[in-house]
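The values are calculated or read from the model by the stated rules, or taken from the named source; none is laboratory data. Everything numeric in this text was worked out from a predicted model, so none of it was measured. Positions of Cβ are backbone-derived with ideal geometry, glycine not excepted, and every protein chain shown enters the neighbour counts.
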Amino acid sequence: MLVRLTSDWQEVLRRRAAASNPFPPPVRALMGEMAAAGVLMQSNINFAGALILQTHGDGPVKLAVAEVQPDLAFRVTATVIGEVPEGARLEAMLNVHGKGRCAITLDPQDRRPGQQPYQGVVALHGDRREPLQELSEVLEHYMLQSEQLDTRLILAADDNVAAGLLIQRLPVEGAGNLQGTGPRNEDDIGVNEAFNRIAHLAATLTREELLTLDADTILRRLFWEEPLRRFPVQAGDHGPRFVCSCSRERVGSMLIGLGREEVDGIIAEQGRVEIACEFCGLKYHFDPVDVGGLFVPQLNQAPGSSTLN
Ligand SMILES: [Zn+2]
């Protein structure tokens, strides 16, 4: 599977630059790779809910998040708390003290109250505790652990394109896998000759090629000796695109969560509350009247009933 995010990825960066300080280049590259990886993973598992990719750092980057909906709408952001060195890779951004983590969350659309979303977490180091420098290595590790499937992932992003190539060995047989006749541990995986050949070819793809070549050219260059069957491109309304799901209502709920005292404190200090969406930069304003409306006591309301106004 191959993804190329272009105008929608540029839109993410443009909005950020318009709303506040642009992210440092290494962080922009990380966010682009996360967006591309998130789209690939969501397309791959076809999950009926949001796939959320988060890297939690112990260095200058505290958090980076990519969220991809089942219809491939994506959004991405990061929280930077320190100086990001030029050319910084994963370790220097997120894993300075070895505590960086990558979390993959699947949040079902029809989640029942109290039901926890599924979450898998992997460290940002390899089996011999060597720090990993590429997000792709971290995610390959995660997919090997969680799905027990060999995966090769190649990711690259600059300010124009965020792209990724995912090669995954298909399960032996759906039922065979469930019966436990498939590979059982990580050592047994990787013995599949066909997968190894394809994965090896894929690994020769350079970041430059991934960023600059179209899908057909990449496929021809890598797999010209293999029989190819090309699936239709998912683009436009059916493809990955930048959509932010923020709303005034959600920001209001967040303010209610902060508590009246806290919010009144902000009003006293600044006259109003201004919250900018971290994902799209949209600013939401709440004046004292709005805030009063948020904290109207819900009297005479039986549990489970709702008021219309
Ligand atoms: Zn937003």
Inset, instruction - Check whether at least one residue in the range 24-40 is surrounded by fewer than 18 Cβ atoms within 10 Å (Cβ to Cβ), hydrophobic (A, V, I, L, M, F, W, C) and either within 16 Å of the ligand (Cβ to nearest atom) or over 14 Å from the mean Cα position of the chain (by Cα) (or both), and report yes or no. - result: no
Inset, instruction - Have a look at Gln234, Gln270 and point out the one that is among the polar types (S, T, N, Q) and touching a helix residue (DSSP H, G or I) at 6+ places or on another chain (Cβ under 9 Å). - result: Gln234
Inset, instruction - Quick one: Phe74 ticks every box in (1) hydrophobic (A, V, I, L, M, F, W, C); (2) assigned to a helix (DSSP H, G or I); (3) at pLDDT 95 or above except a single one, so which number is it? - result: (2)
Inset, instruction - Give the range 211-266 a look and list any residue that's over 20 Å from Ala156 (Cβ atoms), small (Gly, Ala, Ser) and assigned to a helix (DSSP H, G or I), or say none. - result: Gly236, Gly252, Ser253, Gly257, Gly265
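Conditions (1) more than 16 Å from the ligand (Cβ to nearest atom); (2) of a type in the set (Lys, Arg); (3) within 22 Å of the chain's Cα centre (by Cα), marked per residue:
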residue	(1), (2), (3)
Arg197	yes, yes, no
Leu228	yes, no, no
Ala235	yes, no, yes
Cys244	no, no, yes
Asp290	yes, no, no
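Kindly indicate which of Thr55, Thr79 is crowded, with 20+ Cβ neighbours inside 10 Å, of a type in the set (Ser, Thr, Tyr) and either at negative phi or free of Cβ contacts under 8 Å to residues at least 40 places away in the same chain (or both). Show your work before the answer.
On the way: Thr79 fails: crowded, with 20+ Cβ neighbours inside 10 Å.
Testing whether each residue is crowded, with 20+ Cβ neighbours inside 10 Å, of a type in the set (Ser, Thr, Tyr) and either at negative phi or free of Cβ contacts under 8 Å to residues at least 40 places away in the same chain (or both) leaves just Thr55.
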Inset, instruction - Name, by its number, the condition in (1) away from the ligand (no atom under 16 Å from the Cβ); (2) touching a residue at least 12 places away in the same chain (Cβ under 8 Å); (3) part of a loop (DSSP other than H, G, I, E, B) that does not hold for Cys280. - result: (1)
